[in-house]
1. Being at pLDDT 90 or above, open to solvent by less than 60 Å² (accessible area, probe 1.4 Å) and under 25 Å from Asp153 (Cβ atoms) is true for just one of Ala107, Ala96, Ala127. Which residue is that?
2. Identify, please: which residue in the stretch 272-292 is touching a residue at least 40 places away in the same chain (Cβ under 8 Å) and part of a loop (DSSP other than H, G, I, E, B) and is, among those, nearest to Arg171 (Cα to Cα)?
3. Can you tell me which residue in the stretch 110-123 is least open to solvent (accessible area, probe 1.4 Å), limited to those that are without any contact (Cβ under 8 Å) to a residue 40 or more places away in the chain and assigned to a loop (DSSP other than H, G, I, E, B)?
4. Within the stretch 71-88, take every residue that is touching a residue at least 24 places away in the same chain (Cβ under 8 Å) and not in a strand (DSSP E or B) and give me the one that is surrounded by the most Cβ atoms within 10 Å (Cβ to Cβ).
5. Restricting the search to the stretch 214-234, which residues are crowded, with 19+ Cβ neighbours inside 10 Å and among the hydrophobic types (A, V, I, L, M, F, W, C)?
6. Which one is nearest to Phe297 (Cα to Cα), of the residues in the stretch 243-260 that are surrounded by 11 or more Cβ atoms within 10 Å (Cβ to Cβ) and basic (Lys, Arg)?
7. From (1) more than 15 Å from Thr87 (Cβ to Cβ); (2) out of contact with any strand residue (DSSP E or B) (no Cβ under 6 Å at 6 or more places or on another chain); (3) not in a helix (DSSP H, G or I), pick out the condition that doesn't hold for Glu165.
Amino acid sequence: MSIEIQSDIRVVVSIDFGTTFSGYAYAHKENPKNITVQSEWESTGASFKTPTVIKDYLKKLGDHIKESLERHWRNVDFYKHVLIVLTVPAEFDDKAIETFRECAINAGLLKDKYNTNNLKFTTEPEAAAICCLNPTTREEHHLTTGDSFMIVDCGGGTVDLTTRELLEDERLSEITERSGDYCGSSFIDQAFLEIKEEFGEIVPNISVPPQPITSVVKGGVLYGLKEKTVKDRILKRTYGTEIVRRWKQPDPLSERLPNGLTVAFERLAQRGARLPRDNKFTKKFKPLSLLQQKINFDLYATEGSDAKFCEDPGVSKLHNWEIELPENENLEDTTILFTLSFGVGIEATAENQKTGKKYQCEIKYE
């Protein structure tokens, strides 16, 4: 089916989905410096965040967000004017992020599954890094263009790290592959203060930002307001698809088909590559007949970098995208552009090169 892409964002909402606590913040594009952080939760007595409950969590949090925005801006259409930014742990893989996306859709944070342009992802350490770009932090630690710094986000359930370089125009470049693990603890904050005191002379620029518990959620808002702050990211996996080609030495005999062909792994993007935030991979398809209603595209992923075949150890099918072509539309001499964006999570779009119409790309789970 064809879909209409709208871009009339007025408000950015960031949701910090934590394994122990969660919260949200928002700001209007007309007043981007005024970031409102939800600071009180009546049912728990907690400040800034509320304990995460898996069942119906996003639905209830979404209702709370909608009520807050309605009180501030009555003329804001939630499904048309609001951009949702979800922050996720650095260790979340593509399937976890895709599951998170499905949950957001089912929770009513988006109008429907065909309109996901108002949903963005960033990692928790990346959001914290963006938050730390404020003038006070830069002045305190004499951060200038070309300097590098590390963010250590110690949460209740996870610890995430990222190393960034400060570029011109307050943009950030990722230096090394971000990492994280489920080793967080509510006691880490106190331990970090002890480390700061012990190693302060060796590493003088160790800093704890004001209200660190809000750094991630505020950074998520800032990312949504100005995505180009992130210049590039380093891929944590190698991605590819399958192609049919002639079998040749030194291909294994086990990969040779009776007709002399083989199905090989064609690399699209390699682990460790530094890709621009808006990097896109495009593949062209032509419908085989006027009656064809669907086009399929398989995406494979591996943590290695030397895969030759889709059946190699460590290679797994990540997604099977199904592109729905509309009925009663003349697709003669038409090329469909299928585009993948590799970032925090993977986004797919399909466009009729002749008419400019967008088509829904839906993941088919096996």
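1. Details: Ala107 fails: at pLDDT 90 or above; Ala96 fails: at pLDDT 90 or above.
Result of the check over Ala107, Ala96, Ala127: Ala127.
2. Within the stretch 272-292, the match that is nearest to Arg171 (Cα to Cα) is Arg277.
3. From the stretch 110-123, those without any contact (Cβ under 8 Å) to a residue 40 or more places away in the chain are 110-112, 119; that's our starting set.
Narrowing further to those that are assigned to a loop (DSSP other than H, G, I, E, B): 110-112.
Details: Leu110: 9, Lys111: 147, Asp112: 51 Å².
If we take residues in the stretch 110-123 being without any contact (Cβ under 8 Å) to a residue 40 or more places away in the chain and assigned to a loop (DSSP other than H, G, I, E, B), then Leu110 is least open to solvent (accessible area, probe 1.4 Å).
4. In this case the residue turns out to be His81.
5. Result: Val216, Val217, Val221, Leu222, Leu225, Val230.
6. Arg245
7. The failed condition is (2).
A quick yes/no check of all residues on (1) of a type in the set (Gly, Ala, Ser); (2) at positive phi; (3) over 33 Å from the mean Cα position of the chain (by Cα); (4) buried (at least 17 other Cβ atoms within 10 Å of the Cβ):
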site: Tyr239; (1), (2), (3), (4): no, no, no, yes
site: Thr262; (1), (2), (3), (4): no, no, yes, yes
site: Phe265; (1), (2), (3), (4): no, no, no, yes
site: Ile295; (1), (2), (3), (4): no, no, no, yes
site: Cys310; (1), (2), (3), (4): no, no, no, yes
site: Val315; (1), (2), (3), (4): no, no, no, yes
site: Trp321; (1), (2), (3), (4): no, no, no, yes
site: Glu324; (1), (2), (3), (4): no, no, no, yes
site: Thr339; (1), (2), (3), (4): no, no, no, no
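The values are calculated or read from the model by the stated rules, or taken from the named source; none is laboratory data. These numbers were taken from a predicted model, which means no experiment stands behind them. Note that each Cβ is placed from the backbone with ideal geometry, even for glycine, and that neighbours are counted across all protein chains shown. Surface areas here come from the heavy atoms of the whole protein model, side chains and all, with no ligands, DNA or RNA. Shrake-Rupley method; radii C 1.70, N 1.55, O 1.52, S 1.80 Å.
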